[in-house]
Amino acid sequence: MTKVLLLGATGYIGKRLAETLVRSGQHNVFGIARSEAKAKTLALAEITPIICADPVNEPAPYIKAVRDYHIDVIVDVAGANQESAKFLSHAKEIGQERLNSYAAAGIRGPKLGFIYCSGTWVHGSSNQAVNDLNIAGPNGVTPPRALVAWRVGLENSILASSDVLDVAVLRPALIYGYENTIWTPFVLPLLQAARSSSSEPVNIPLQADARPALIHVDDVSTGFQKAIENLSLINSGSVYPVFDLLTSQESMSEIFKAMASAWGYKGEYKLVGSGDNLFAEAMSTTLRGSSSRAKQLLGWEPTRTNGYVADMDLHAAAFASQH
(Lines give C-alpha, C1' and ligand atoms only; values in the text may rest on other atoms or scores of the structure.)
Protein backbone atom coordinates (compact mmCIF):
# COMPACT_ATOMS: atom_id res chain seq x y z
CA MET A 1 0.00 0.00 0.00
CA THR A 2 1.18 3.51 -0.82
CA LYS A 3 2.01 5.57 2.26
CA VAL A 4 0.62 9.07 1.76
CA LEU A 5 1.18 12.03 4.07
CA LEU A 6 -1.31 14.88 3.77
CA LEU A 7 -0.26 18.39 4.74
CA GLY A 8 -3.61 20.00 5.53
CA ALA A 9 -5.38 16.73 6.30
CA THR A 10 -8.05 18.40 8.46
CA GLY A 11 -8.80 21.21 5.99
CA TYR A 12 -11.57 21.62 3.44
CA ILE A 13 -9.84 19.66 0.66
CA GLY A 14 -7.62 17.57 2.90
CA LYS A 15 -10.31 15.82 4.90
CA ARG A 16 -12.22 14.83 1.73
CA LEU A 17 -9.03 13.60 0.09
CA ALA A 18 -8.12 11.61 3.21
CA GLU A 19 -11.55 9.97 3.25
CA THR A 20 -11.30 9.15 -0.46
CA LEU A 21 -7.90 7.53 -0.04
CA VAL A 22 -8.99 5.51 2.99
CA ARG A 23 -12.13 4.27 1.24
CA SER A 24 -10.10 3.11 -1.76
CA GLY A 25 -8.32 0.58 0.41
CA GLN A 26 -5.12 1.14 -1.58
CA HIS A 27 -3.40 3.68 0.64
CA ASN A 28 -2.05 3.98 4.15
CA VAL A 29 -2.93 7.59 4.99
CA PHE A 30 -1.07 9.84 7.42
CA GLY A 31 -2.17 13.35 8.26
CA ILE A 32 -0.71 16.37 10.00
CA ALA A 33 -2.69 17.38 13.09
CA ARG A 34 -1.93 20.66 14.86
CA SER A 35 -3.52 19.55 18.14
CA GLU A 36 -4.53 16.47 20.13
CA ALA A 37 -8.19 17.16 19.29
CA LYS A 38 -7.43 17.19 15.56
CA ALA A 39 -5.36 14.04 15.98
CA LYS A 40 -8.34 12.22 17.49
CA THR A 41 -10.50 13.31 14.55
CA LEU A 42 -7.99 11.84 12.11
CA ALA A 43 -7.61 8.63 14.07
CA LEU A 44 -11.38 8.13 14.08
CA ALA A 45 -11.30 8.36 10.27
CA GLU A 46 -8.61 5.63 10.17
CA ILE A 47 -5.87 8.13 9.35
CA THR A 48 -2.60 7.96 11.27
CA PRO A 49 -2.14 11.39 12.89
CA ILE A 50 1.22 13.12 13.00
CA ILE A 51 1.03 15.85 15.65
CA CYS A 52 2.92 18.93 14.51
CA ALA A 53 1.66 22.25 15.83
CA ASP A 54 3.54 24.36 13.29
CA PRO A 55 4.67 22.33 10.27
CA VAL A 56 5.89 25.45 8.47
CA ASN A 57 8.22 26.87 11.10
CA GLU A 58 8.78 23.89 13.41
CA PRO A 59 8.61 20.94 11.03
CA ALA A 60 10.78 18.46 12.94
CA PRO A 61 7.90 16.17 14.06
CA TYR A 62 6.49 15.67 10.60
CA ILE A 63 9.91 15.41 8.93
CA LYS A 64 10.79 12.67 11.42
CA ALA A 65 7.54 10.90 10.55
CA VAL A 66 8.32 11.00 6.82
CA ARG A 67 11.65 9.34 7.56
CA ASP A 68 10.45 6.86 10.19
CA TYR A 69 7.37 5.70 8.28
CA HIS A 70 9.16 5.88 4.93
CA ILE A 71 6.38 7.92 3.40
CA ASP A 72 6.01 7.41 -0.36
CA VAL A 73 4.12 10.59 -1.32
CA ILE A 74 3.68 13.96 0.38
CA VAL A 75 0.58 15.90 -0.72
CA ASP A 76 0.41 19.61 0.09
CA VAL A 77 -3.20 20.72 0.37
CA ALA A 78 -2.43 22.90 3.39
CA GLY A 79 -3.15 26.25 1.74
CA ALA A 80 -0.02 27.69 3.35
CA ASN A 81 0.37 30.28 0.58
CA GLN A 82 3.99 31.33 -0.03
CA GLU A 83 5.09 29.33 3.01
CA SER A 84 4.42 26.21 0.91
CA ALA A 85 7.93 26.68 -0.51
CA LYS A 86 9.20 25.41 2.85
CA PHE A 87 7.29 22.15 2.41
CA LEU A 88 9.00 21.67 -0.95
CA SER A 89 12.37 22.35 0.67
CA HIS A 90 11.68 19.74 3.35
CA ALA A 91 10.66 17.19 0.72
CA LYS A 92 13.78 17.81 -1.38
CA GLU A 93 16.01 17.36 1.66
CA ILE A 94 14.41 14.03 2.55
CA GLY A 95 14.25 12.94 -1.07
CA GLN A 96 17.96 13.56 -1.59
CA GLU A 97 18.79 11.68 1.61
CA ARG A 98 16.77 8.75 0.33
CA LEU A 99 18.48 8.73 -3.07
CA ASN A 100 21.89 8.93 -1.39
CA SER A 101 21.09 5.94 0.81
CA TYR A 102 20.01 3.93 -2.23
CA ALA A 103 23.19 4.87 -4.08
CA ALA A 104 25.34 3.88 -1.11
CA ALA A 105 23.67 0.47 -1.15
CA GLY A 106 24.22 0.14 -4.89
CA ILE A 107 20.51 0.11 -5.73
CA ARG A 108 18.13 2.33 -7.62
CA GLY A 109 15.16 3.03 -5.37
CA PRO A 110 11.98 5.04 -5.93
CA LYS A 111 11.91 8.79 -5.47
CA LEU A 112 9.86 10.47 -2.79
CA GLY A 113 6.69 11.91 -4.31
CA PHE A 114 5.50 15.49 -3.87
CA ILE A 115 2.14 16.78 -5.12
CA TYR A 116 1.12 20.42 -4.74
CA CYS A 117 -2.36 21.94 -4.83
CA SER A 118 -2.22 25.13 -6.87
CA GLY A 119 -5.25 26.53 -8.72
CA THR A 120 -6.49 27.68 -12.11
CA TRP A 121 -6.28 31.35 -11.09
CA VAL A 122 -2.66 31.24 -12.30
CA HIS A 123 -4.12 31.37 -15.83
CA GLY A 124 -5.59 34.80 -15.14
CA SER A 125 -9.02 35.91 -16.31
CA SER A 126 -10.05 35.62 -19.94
CA ASN A 127 -12.71 34.18 -22.25
CA GLN A 128 -9.91 32.69 -24.34
CA ALA A 129 -9.65 28.92 -24.10
CA VAL A 130 -6.69 27.68 -22.03
CA ASN A 131 -5.43 24.36 -20.73
CA ASP A 132 -2.70 23.08 -18.44
CA LEU A 133 -0.10 23.12 -21.22
CA ASN A 134 -0.41 26.89 -21.56
CA ILE A 135 2.42 28.79 -19.87
CA ALA A 136 1.31 30.42 -16.63
CA GLY A 137 2.79 33.71 -15.52
CA PRO A 138 3.72 37.00 -17.19
CA ASN A 139 4.31 35.21 -20.50
CA GLY A 140 1.00 33.37 -20.37
CA VAL A 141 -2.23 34.05 -22.23
CA THR A 142 -3.17 36.47 -19.43
CA PRO A 143 -1.24 37.35 -16.28
CA PRO A 144 -2.16 35.41 -13.13
CA ARG A 145 -4.45 37.01 -10.62
CA ALA A 146 -2.44 39.22 -8.28
CA LEU A 147 -3.48 37.21 -5.22
CA VAL A 148 -1.77 34.07 -6.52
CA ALA A 149 0.96 35.43 -8.79
CA TRP A 150 3.56 33.93 -6.44
CA ARG A 151 2.29 30.43 -7.22
CA VAL A 152 3.88 30.48 -10.67
CA GLY A 153 7.37 30.58 -9.16
CA LEU A 154 6.53 27.80 -6.72
CA GLU A 155 5.08 25.63 -9.48
CA ASN A 156 8.26 26.09 -11.50
CA SER A 157 10.40 25.22 -8.47
CA ILE A 158 8.41 22.04 -7.96
CA LEU A 159 8.79 21.02 -11.60
CA ALA A 160 12.52 21.77 -11.41
CA SER A 161 12.82 19.33 -8.49
CA SER A 162 12.10 16.26 -10.62
CA ASP A 163 15.74 15.13 -10.34
CA VAL A 164 15.12 14.46 -6.64
CA LEU A 165 11.35 13.99 -6.40
CA ASP A 166 8.46 12.56 -8.39
CA VAL A 167 6.31 15.67 -8.73
CA ALA A 168 2.91 16.84 -9.86
CA VAL A 169 0.98 20.11 -9.68
CA LEU A 170 -2.82 20.00 -9.62
CA ARG A 171 -4.84 23.13 -10.25
CA PRO A 172 -8.45 22.90 -9.09
CA ALA A 173 -10.83 25.55 -10.35
CA LEU A 174 -13.09 27.50 -7.95
CA ILE A 175 -14.29 24.84 -5.49
CA TYR A 176 -17.82 24.41 -4.17
CA GLY A 177 -19.67 21.83 -2.09
CA TYR A 178 -20.53 21.11 1.57
CA GLU A 179 -19.22 23.99 3.71
CA ASN A 180 -18.50 26.07 0.58
CA THR A 181 -15.62 27.49 2.59
CA ILE A 182 -14.13 29.80 0.00
CA TRP A 183 -17.53 31.33 -0.79
CA THR A 184 -18.37 32.28 2.82
CA PRO A 185 -17.46 36.01 2.78
CA PHE A 186 -19.63 36.54 -0.28
CA VAL A 187 -22.69 34.39 0.38
CA LEU A 188 -23.05 34.70 4.17
CA PRO A 189 -24.37 38.30 3.98
CA LEU A 190 -27.04 37.09 1.55
CA LEU A 191 -28.06 34.27 3.89
CA GLN A 192 -28.21 36.63 6.85
CA ALA A 193 -30.36 39.06 4.91
CA ALA A 194 -32.71 36.26 3.89
CA ARG A 195 -33.10 35.13 7.49
CA SER A 196 -33.70 38.60 8.85
CA SER A 197 -36.02 39.70 6.04
CA SER A 198 -33.86 42.80 5.86
CA SER A 199 -34.88 45.56 3.48
CA GLU A 200 -31.30 46.77 3.19
CA PRO A 201 -29.69 45.95 -0.17
CA VAL A 202 -26.83 43.46 -0.09
CA ASN A 203 -23.74 44.52 -2.00
CA ILE A 204 -21.50 41.62 -2.99
CA PRO A 205 -17.95 42.46 -4.10
CA LEU A 206 -17.86 40.19 -7.13
CA GLN A 207 -18.03 40.82 -10.86
CA ALA A 208 -21.51 40.09 -12.22
CA ASP A 209 -20.36 39.10 -15.71
CA ALA A 210 -17.63 36.73 -14.46
CA ARG A 211 -17.86 33.14 -15.63
CA PRO A 212 -15.64 31.14 -13.30
CA ALA A 213 -14.55 27.56 -13.88
CA LEU A 214 -15.91 25.38 -11.08
CA ILE A 215 -15.41 21.98 -9.48
CA HIS A 216 -17.00 20.11 -6.59
CA VAL A 217 -14.63 19.27 -3.75
CA ASP A 218 -15.40 15.54 -4.15
CA ASP A 219 -14.01 15.66 -7.69
CA VAL A 220 -10.95 17.53 -6.47
CA SER A 221 -10.35 14.62 -4.09
CA THR A 222 -10.55 11.96 -6.78
CA GLY A 223 -8.28 14.04 -9.00
CA PHE A 224 -5.60 13.99 -6.32
CA GLN A 225 -6.19 10.28 -5.75
CA LYS A 226 -5.49 9.58 -9.41
CA ALA A 227 -2.38 11.76 -9.35
CA ILE A 228 -1.05 9.85 -6.33
CA GLU A 229 -1.72 6.50 -7.96
CA ASN A 230 -0.08 7.51 -11.26
CA LEU A 231 2.72 9.68 -9.91
CA SER A 232 5.63 7.35 -10.68
CA LEU A 233 4.23 6.59 -14.11
CA ILE A 234 3.81 10.20 -15.20
CA ASN A 235 7.30 11.02 -13.93
CA SER A 236 8.93 8.14 -15.76
CA GLY A 237 8.30 9.54 -19.23
CA SER A 238 7.83 12.88 -20.96
CA VAL A 239 4.47 13.78 -19.42
CA TYR A 240 4.18 17.39 -18.24
CA PRO A 241 2.94 16.77 -14.66
CA VAL A 242 0.57 19.73 -14.37
CA PHE A 243 -3.19 19.14 -14.48
CA ASP A 244 -6.11 21.56 -14.40
CA LEU A 245 -9.21 20.19 -12.65
CA LEU A 246 -12.61 21.65 -13.56
CA THR A 247 -16.04 20.38 -14.48
CA SER A 248 -18.10 23.43 -15.50
CA GLN A 249 -18.05 27.12 -16.32
CA GLU A 250 -20.97 29.06 -14.88
CA SER A 251 -22.17 32.64 -14.64
CA MET A 252 -21.54 34.40 -11.34
CA SER A 253 -24.82 36.29 -11.69
CA GLU A 254 -26.71 33.01 -12.23
CA ILE A 255 -24.99 31.46 -9.20
CA PHE A 256 -26.23 34.24 -6.91
CA LYS A 257 -29.66 34.32 -8.51
CA ALA A 258 -30.05 30.61 -7.76
CA MET A 259 -28.69 31.04 -4.23
CA ALA A 260 -31.06 33.92 -3.42
CA SER A 261 -33.96 31.87 -4.74
CA ALA A 262 -32.97 28.80 -2.69
CA TRP A 263 -33.01 30.92 0.49
CA GLY A 264 -36.24 32.67 -0.43
CA TYR A 265 -34.57 36.08 -0.44
CA LYS A 266 -36.91 38.69 -1.92
CA GLY A 267 -34.79 41.75 -1.26
CA GLU A 268 -32.27 43.54 -3.40
CA TYR A 269 -28.73 42.37 -3.93
CA LYS A 270 -26.10 43.51 -6.37
CA LEU A 271 -22.75 42.21 -7.56
CA VAL A 272 -20.80 45.45 -7.42
CA GLY A 273 -17.33 44.36 -8.59
CA SER A 274 -14.22 43.52 -6.65
CA GLY A 275 -12.67 46.99 -6.34
CA ASP A 276 -9.24 46.70 -4.72
CA ASN A 277 -10.11 43.42 -2.93
CA LEU A 278 -7.60 40.94 -4.36
CA PHE A 279 -9.50 37.91 -3.03
CA ALA A 280 -12.73 39.11 -4.64
CA GLU A 281 -10.83 39.80 -7.86
CA ALA A 282 -9.54 36.23 -7.87
CA MET A 283 -13.04 34.87 -7.15
CA SER A 284 -14.26 36.85 -10.18
CA THR A 285 -11.89 35.05 -12.53
CA THR A 286 -13.39 34.02 -15.86
CA LEU A 287 -11.85 30.81 -17.17
CA ARG A 288 -12.69 28.67 -20.19
CA GLY A 289 -10.49 25.72 -19.41
CA SER A 290 -10.14 22.00 -19.98
CA SER A 291 -9.40 18.90 -17.93
CA SER A 292 -8.91 16.60 -20.90
CA ARG A 293 -5.32 15.72 -19.94
CA ALA A 294 -6.29 14.75 -16.39
CA LYS A 295 -8.96 12.47 -17.80
CA GLN A 296 -6.74 10.94 -20.47
CA LEU A 297 -3.46 10.63 -18.59
CA LEU A 298 -4.60 10.12 -15.00
CA GLY A 299 -7.84 8.27 -15.69
CA TRP A 300 -9.77 10.88 -13.69
CA GLU A 301 -13.54 10.50 -13.93
CA PRO A 302 -15.41 13.32 -12.16
CA THR A 303 -18.88 12.41 -10.92
CA ARG A 304 -20.29 15.68 -9.52
CA THR A 305 -20.92 17.10 -12.96
CA ASN A 306 -24.40 18.65 -12.71
CA GLY A 307 -22.82 21.98 -11.81
CA TYR A 308 -23.24 24.48 -9.01
CA VAL A 309 -26.43 26.18 -10.20
CA ALA A 310 -28.27 22.99 -11.16
CA ASP A 311 -27.96 21.57 -7.63
CA MET A 312 -28.11 24.89 -5.79
CA ASP A 313 -30.93 23.80 -3.48
CA LEU A 314 -28.61 21.16 -2.02
CA HIS A 315 -25.56 23.42 -1.85
CA ALA A 316 -27.45 26.36 -0.35
CA ALA A 317 -29.01 24.11 2.30
CA ALA A 318 -25.63 22.60 3.16
CA PHE A 319 -24.08 26.04 3.60
CA ALA A 320 -27.02 27.34 5.66
CA SER A 321 -26.75 24.36 8.03
CA GLN A 322 -23.28 25.55 9.06
CA HIS A 323 -24.28 29.13 9.89
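The values are calculated or read from the model by the stated rules, or taken from the named source; none is laboratory data. Keep in mind that what you see is a predicted model, and the values were worked out from it rather than measured. Neighbour counts run over all protein chains shown; Cβ positions are idealised from the backbone, glycine included.
Below, the figures for the structure above:
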{"item": "Of all residues making up the stretch 191-213, the number that are under 20 Å from A320 (Cα atoms) and hydrophobic (A, V, I, L, M, F, W, C)", "result": "5"}
{"item": "Residues of the stretch 140-186 satisfying the condition of being among the charged types (D, E, K, R) and within 17 Å of the chain's Cα centre (by Cα)", "result": "R145, R151, E155, R171, E179"}
{"item": "Members of the stretch 100-118 that are of a type in the set (A, V, I, L, M) and surrounded by 14 or more Cβ atoms within 10 Å (Cβ to Cβ)", "result": "L112, I115"}
{"item": "Condition check for I182: touching a helix residue (DSSP H, G or I) at 6+ places or on another chain (Cβ under 8 Å), among the β-branched types (V, I, T), part of a helix (DSSP H, G or I) and at pLDDT 95 or above", "result": "yes"}
{"item": "Test for H123: is it surrounded by 13 or more Cβ atoms within 10 Å (Cβ to Cβ) and closer than 27 Å to Q296 by Cβ", "result": "yes"}
{"item": "Test: residue in the stretch 191-211 that is modelled with pLDDT of 95 or more and under 23 Å from P302 (Cα atoms)", "result": "yes"}
{"item": "Hits in the stretch 192-226 (condition: closer than 19 Å to A9 by Cβ, of a type in the set (G, A, S) and in contact with a Phe, Trp or Tyr (Cβ under 7 Å, 6 or more places away or on another chain))", "result": "G223"}
{"item": "Subset of the stretch 63-82 (residues that are among the β-branched types (V, I, T) and surrounded by fewer than 19 Cβ atoms within 10 Å (Cβ to Cβ))", "result": "I63"}
{"item": "Residue match in the stretch 286-305 (condition: under 22 Å from D218 (Cα atoms), polar (S, T, N, Q) and without any contact (Cβ under 8 Å) to a residue 40 or more places away in the chain)", "result": "yes"}
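Every residue, every condition in (1) out of contact with any strand residue (DSSP E or B) (no Cβ under 7 Å at 6 or more places or on another chain); (2) surrounded by fewer than 22 Cβ atoms within 10 Å (Cβ to Cβ), yes or no:
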position: Y12; (1), (2): yes, yes
position: K15; (1), (2): yes, no
position: R23; (1), (2): yes, yes
position: S35; (1), (2): yes, yes
position: L44; (1), (2): yes, yes
position: A53; (1), (2): yes, yes
position: P61; (1), (2): no, yes
